[in-house]
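The values are calculated or read from the model by the stated rules, or taken from the named source; none is laboratory data. Bear in mind the structure is a predicted one, so any value in this text is a computation, not a measurement. Reconstructed Cβ throughout: ideal geometry from the backbone, glycine too, with neighbour counts over all protein chains shown.
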Amino acid sequence: MLKYKHHPVGQLCSIIKGETGLASALPGNYPLVTTGADRKSCKTYQFDTEAVCIPLVSSTGHGKKSLNYVHYQSGKFALGTILAALIPREPQKLSAAFLHRYLQFYKDRKIVPLMKGAANVSLAVKDIAKIEIPVPPINEQKSFIELFNKLSDSSYKLLNEFSNQTTYLSQLRQAILQEAIEGKLTAEWRKKNLVNHEYTQMHTNKKKDISVHSSSFVVDDLDFAPASVLLEKIKAEKQRLIEEGKIRKEKPLAPIKPEEIPFELPEGWIWCRLPQILDTGDSLRRGPFGSSITKSMFIPKSQHSTKVYEQKNAIYKDYSIGSYYINIDIHKNLKYFLTGPGDIIISCAGTIGETYILPSEAPKGIINQALLKIRLNNKIVCNQFFLKVFKSQTKARLNNDARGTAMKNISSVVYLKNELVFPLPPLAEQRAIVERVDRLLSMVDDLEKQVTERKGQAAELMQTVLREAFETGK
């Protein structure tokens, strides 16, 4: 529309500030235009016309210039005090709908630069009046509005389809994880790889005899032993350490009741509780109370310092983030919260359930109050398999159980200790499950990337068509 003469908005429109206080407005039958996308309601109205409504304050504030929405409203409506209405003086020459489309499209170029202020960024009515816009013949304005509406309708349907695809992919992720922890992904793998009793008897010259208490199993490798064998073996090892005084006796766990079992497991798998697959020592720890670690305890990084792991280490999967260190020799009460390579840290406040396995190069450190530490016995369960189960069924439960109004928080590990039932396959099958899940989820990632790219291309195509229409009048 470069071929059309541009005119200041102040010459074409009456610019009137809103009169309704958003906080004090009484609900009623008339729409109340605010700075946000949705309308509120009001008992009274200020206008009975078509108008373009522009917020007079930055959408983000904090010293930043931004404008999320330019609104169009018709009929009887109220307007918030922090907005201004642009009402065309001659509707037969300038359509409010056309003005709205133009200013919404060019808001970041035409309106946002006019905002002023350091802390409270605002827009002056006198500056709005200076904005210049093209005024094509009214029939061309109507044609443009028809084009815009068609594009908007097509774009909405397309974006809705992309949204549906994203939802389907999310459901597919969950379905893959569920199929994995039920053993359905590896049904064929078990037929080909898991060694049964008859097979091993035929190949005794290549096998090892693993005896645990009264049970005897002949298998190719301990990795292929039924999970019950591994549990019994670990139980026997813990009992020996207790008798030698090396570890404390644990409280007995409640037996798993039939009503706790969500689905049937394949042969060779077993249901267990989390403490049964933990390493010895402080293997399940929620971070200390906030008052246990204070700023006065922090020291510069040195050979005598111990890193303090924070929630952001789990969220961003990066052990190097953070600059807090303490002297663990001085604050010995914090030694119970030590963590290191191979441990799983889990975010417990606000953003709940983000997991991270500390890699081999990560330094030893202590967890702060916003983290949970889990150290598994890798002789019976591999970390990556545990995370698959966690993402499938435990993360949602932790979020549901979290408490707090301003910020959700996991205040207890009772559920993890006493209530979580864990499906445990043989070690070899755990690794097979991890490999298959990772491969399938990688394919889902690729599909999701394609959907995101196509969504961006669709949005860019609409912008290109509108830009072409605005700038050439075609």
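Just a few scattered comments:
- Residue in region 27-34 that is modelled with pLDDT under 95 and loosely packed, with under 14 Cβ neighbours inside 10 Å present: no
- Here 101, 109 are screened, and the one residue that is under 17 Å from residue 56 (Cα atoms) and of a type outside the set (S, T, N, Q) is 109.
- Index of the failed condition, residue 223 passing every other in (1) assigned to a helix (DSSP H, G or I); (2) loosely packed, with under 12 Cβ neighbours inside 10 Å; (3) touching a helix residue (DSSP H, G or I) at 6+ places or on another chain (Cβ under 6 Å); (4) not aliphatic (A, V, I, L, M): (2)
- Any hit, region 305-314, residues being in a loop (DSSP other than H, G, I, E, B), within 30 Å of residue 223 (Cβ to Cβ), more than 24 Å from the chain's Cα centre (by Cα) and at pLDDT 90 or above: no
- Any hit, region 31-44, residues being part of a loop (DSSP other than H, G, I, E, B), farther than 28 Å from residue 119 by Cα and outside the structural domain of residue 152 (by TED's automatic domain parsing): yes
- Unmet criterion (only one of (1) crowded, with 18+ Cβ neighbours inside 10 Å; (2) of a type outside the set (Phe, Trp, Tyr); (3) over 32 Å from the mean Cα position of the chain (by Cα)) for residue 176: (3)
- When residue 39 is tested against the conditions (1) of a type in the set (D, E, K, R); (2) under 26 Å from residue 135 (Cα atoms); (3) surrounded by 15 or more Cβ atoms within 10 Å (Cβ to Cβ), the lone failure is (2).
- Number of positions in region 156-188 that are modelled with pLDDT under 90 and among the basic types (Lys, Arg): 1
- Any hit, region 231-243, residues being assigned to a loop (DSSP other than H, G, I, E, B) and either hydrophobic (A, V, I, L, M, F, W, C) or not assigned by TED's automatic domain parsing to the domain that holds residue 374 (or both): no
- All positions within region 235-249 that are in contact with a helix residue (DSSP H, G or I) (Cβ under 7 Å, 6 or more places away or on another chain) and either modelled with pLDDT of 90 or more or surrounded by 12 or more Cβ atoms within 10 Å (Cβ to Cβ) (or both): 247
Listed here are the residues, each with its yes/no results for (1) under 17 Å from residue 351 (Cα atoms); (2) touching a residue at least 60 places away in the same chain (Cβ under 8 Å).
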| site | (1), (2) |
| --- | --- |
| 283 | no, yes |
| 288 | no, yes |
| 293 | no, yes |
| 297 | no, no |
| 300 | no, no |
| 303 | no, no |
| 306 | no, yes |
| 313 | yes, no |
| 320 | no, no |
